[in-house]
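Below: one structure, written as structure tokens.
The values are calculated or read from the model by the stated rules, or taken from the named source; none is laboratory data. Just so it is clear, the structure is predicted and the values come from calculations on it, not from any experiment. We place every Cβ from the backbone using ideal geometry, glycine too, and count neighbours over all the protein chains shown.
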Amino acid sequence: MKNYFVIHALGNTADDYWYKFVQKTVEKRGYKCFVPTLPPMENMSYSSWANAFDKYKKYINKDSVFIAHSTGSIFSVKYLMSNNLKIQKFIGVVSFNKNNINSPHPDWELINKTFFVDNLADFKNYATERICFYSPTDIYDFGILDEFATTIDAKKIIIKKAGHFTATTGYGEKFPEIVEYL
């Protein structure tokens, strides 16, 4: 059975931005969609997120779809690879596997580092279809976002003024461009 998972970004919860929009869209189509809230920044690391997410592992199968935002993207990649779980589709929104050297939040970069993988190109073997949304107006260096998408051989969806796909750039409660890829 096809299950969907929406994995939020660092410092967010399941109720932020467009996550519930995706959940409602998927559930209207008759599918189950999990949107967990993972540990907050003060308790955040790859292991804390993996431990919290383990209760959903039994629902992941070869037909599953992961929609992941920012740090949620690299968490999803590492979690699936570490647990040898293969899925049908991965949709990453502003995905990265390197620190942003020009980050306005250097403390976030230290947290993100615990999520990075050495063998990112191997993710092609874990998701049959891979799609990456990103924008040249993001706080993350465009080259880092593009490198992630290229490395996993993803279909690239570049939206000119989407920033980090948050409320400040019009992605508070909706994300209409993603619907056709769900």
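Here's the yes/no breakdown for (1) charged (D, E, K, R); (2) in contact with a Lys or Arg (Cβ under 8 Å, 6 or more places away or on another chain); (3) loosely packed, with under 13 Cβ neighbours inside 10 Å; (4) in a loop (DSSP other than H, G, I, E, B):
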site	(1), (2), (3), (4)
99	no, yes, no, yes
102	no, no, yes, yes
109	yes, no, no, no
131	no, yes, no, no
136	no, yes, no, yes
144	no, yes, no, no
147	yes, yes, no, no
157	no, no, no, no
178	no, no, no, no
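How many residues does segment 9-47 hold that are assigned to a helix (DSSP H, G or I) and either surrounded by 15 or more Cβ atoms within 10 Å (Cβ to Cβ) or touching a residue at least 12 places away in the same chain (Cβ under 8 Å) (or both)?
10
Just name the residue that is modelled with the lowest pLDDT out of those in segment 1-38 that are among the small types (Gly, Ala, Ser) and touching a helix residue (DSSP H, G or I) at 6+ places or on another chain (Cβ under 7 Å). Steps first, answer last, please.
Here is the first cut: in segment 1-38, the ones among the small types (Gly, Ala, Ser) are 9, 11, 14, 30.
After this cut, where a residue has to be touching a helix residue (DSSP H, G or I) at 6+ places or on another chain (Cβ under 7 Å) as well, the list is 9, 11.
Working: 9: 94, 11: 89.
Ranking the candidates gives 11 first.
Do the conditions hold for residue 122, that is, is it in a helix (DSSP H, G or I), more than 16 Å from residue 71 (Cα to Cα), touching a helix residue (DSSP H, G or I) at 6+ places or on another chain (Cβ under 9 Å) and not aromatic (Phe, Trp, Tyr)? The answer is yes for residue 122.
In segment 144-154, the condition of being within 15 Å of the chain's Cα centre (by Cα) and small (Gly, Ala, Ser) is met by at least one residue. Contact annotation: no residue pair with Cβ atoms under 7 Å, 6 or more positions apart or on different chains, pairs a residue in segment 56-70 that is within 14 Å of residue 1 (Cβ to Cβ) and without any contact (Cβ under 8 Å) to a residue 12 or more places away in the chain with a partner that is among the charged types (D, E, K, R) and assigned to a helix (DSSP H, G or I).
For segment 54-86: of the residues being outside any helix (DSSP H, G or I) and among the hydroxyl-bearing types (Ser, Thr, Tyr), which is surrounded by the most Cβ atoms within 10 Å (Cβ to Cβ)? Explain how you work it out, then say what you get.
Going through segment 54-86, the residues outside any helix (DSSP H, G or I) turn out to be 60-70, 83-86.
Next cut, among the hydroxyl-bearing types (Ser, Thr, Tyr) only: 64, 70.
Working: 64: 24, 70: 26.
Among those residues, the one meeting the criterion is 70.
Which of the residues belonging to segment 86-117 are out of contact with any Cys (no Cβ under 9 Å at 6 or more places or on another chain), aromatic (Phe, Trp, Tyr) and more than 16 Å from residue 141 (Cβ to Cβ)? Please lay out each step first, then the result.
Taking segment 86-117 first, the residues out of contact with any Cys (no Cβ under 9 Å at 6 or more places or on another chain) are 86-89, 96-117.
Okay, now just the ones that are also aromatic (Phe, Trp, Tyr), so 96, 108, 115-116.
Hit for segment 86-117 is 115, nothing else.
Of the residues screened, residue 89 is not one that is over 17 Å from residue 4 (Cα atoms) and surrounded by 16 or more Cβ atoms within 10 Å (Cβ to Cβ).
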